[in-house]
Amino acid sequence: MGLQPTYDAEARIYAKYILKTYPDARIGILSQNDDFGRDYLVGFKEALGPKASQIVSEQTYEVTAPTVDSQMVNLKNSGATVFLNITTPKFAAMSIRKAIEIGWKPAHFLTNVSTALGTVIIPAGRDNAKGVMSSRYLKDPDEPEWAPTPEVAEWRAWMAKYHPTANPLDTGNVTGYIAAQTLVQVLKQCGDGLTRENVMRQAANLKNLELPMLLPGIRINTGPNDYYPIEQMQLMRFNGDHWERFGPVISADKG
């Protein structure tokens, strides 16, 4: 059982927001030509439903490609007004810079895996990334909103004790912390019945679990036929300095 929202779930969340906010959008997509890109596209198109016909350009790239310049020019020339950017960090930084260079300013949605300041935003240029949107389910300890909170203070103390050599800017450490706390809850529910069968039974029986480093309103839920613990995210926008959350928590629920 993976903890994080799947690529499919994240893509559905963007599709829901686009359908509501940009009903007449002309959508352009840049995606990595592998399972990462393909899984994302499946969820996005399924969530768009009949509106998938509003996709006017789909561009792909190989991980060995030196640039995505030609793909970005093609997307601009398609007349796309919404840009779904399904790229890993190196290509995310390239595409953000190129969009500004060619004067293309669509509503820009960037996959959650490419939102780090150090590997994407700073190389792309903070000003260039201003207005780019993405999503998150956890609290970033370095964001001004969360840095002074007791939850982050507790996380930092845990890191200092158990993982002092880790990069404090890597939110993967927050993911690990959340995963560990989720497992603790599973073990509590198991009581003395620590068999594999009971561990799996309890892991598939988490109900509205709230954890300190999850964003407010995001809860962990599983069931016998639902092995996806986190299926909610909240959108955020880069303001030129840091990411700011906006709007409600959105569920990837296929219903």
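Checked against (1) modelled with pLDDT of 95 or more; (2) part of a helix (DSSP H, G or I), residue 24 passes all but condition (2).
Could you list, in sequence order, the residues of the stretch 69-115 that are farther than 17 Å from residue 54 by Cα and not in a helix (DSSP H, G or I)? Correct list: 86, 87, 88, 102, 103, 104, 105, 110, 111, 115.
The set of residues from the stretch 2-16 being outside any helix (DSSP H, G or I) and surrounded by fewer than 23 Cβ atoms within 10 Å (Cβ to Cβ) comprises 2, 3, 4, 6. Here residue 243 meets each of (1) of a type outside the set (Lys, Arg); (2) modelled with pLDDT of 95 or more; (3) assigned by TED's automatic domain parsing to the domain that holds residue 121 with one exception, condition (2). When the stretch 191-210 is filtered for residues that are more than 18 Å from residue 226 (Cβ to Cβ) and part of a loop (DSSP other than H, G, I, E, B), the ones remaining, listed by number, are 191, 192, 193, 194, 195.
Scan the stretch 118-136 for residues that are more than 23 Å from residue 22 (Cβ to Cβ), surrounded by 18 or more Cβ atoms within 10 Å (Cβ to Cβ) and either touching a residue at least 60 places away in the same chain (Cβ under 8 Å) or assigned by TED's automatic domain parsing to the domain that holds residue 179 (or both) and the total you get is 1.
Mind listing just one residue for me: the one in the stretch 23-35 that is surrounded by fewer than 20 Cβ atoms within 10 Å (Cβ to Cβ) and touching a strand residue (DSSP E or B) at 6+ places or on another chain (Cβ under 7 Å) and, of those, nearest to residue 99 (Cα to Cα)? Within the stretch 23-35, the match that is nearest to residue 99 (Cα to Cα) is 26.
State whether one or more residues within the stretch 171-186 are farther than 26 Å from residue 218 by Cα and without any contact (Cβ under 8 Å) to a residue 12 or more places away in the chain. Taking every residue of the stretch 171-186 in turn, none turns out to be farther than 26 Å from residue 218 by Cα and without any contact (Cβ under 8 Å) to a residue 12 or more places away in the chain. When residue 64 is tested against (1) outside any helix (DSSP H, G or I); (2) of a type outside the set (Gly, Ala, Ser); (3) within 16 Å of residue 124 (Cα to Cα), exactly one condition is not met: (3).
For the stretch 174-193, a residue qualifies if it is of a type in the set (A, V, I, L, M) and at pLDDT 95 or above, and the qualifying residues are 178, 179, 180, 183, 184, 186, 187.
The set of residues in the stretch 116-135 that are under 16 Å from residue 88 (Cα atoms) and part of a helix (DSSP H, G or I) comprises 117, 118, 119, 120, 121, 122, 123, 124, 129. Screening residue 140 against (1) over 24 Å from residue 14 (Cα atoms); (2) of a type in the set (Asp, Glu); (3) surrounded by 15 or more Cβ atoms within 10 Å (Cβ to Cβ) leaves a single unmet condition, (1).
The values are calculated or read from the model by the stated rules, or taken from the named source; none is laboratory data. The shown structure was predicted, so the numbers you read here are calculated from the model rather than taken from an experiment. Neighbour counts run over all protein chains shown; Cβ positions are idealised from the backbone, glycine included.
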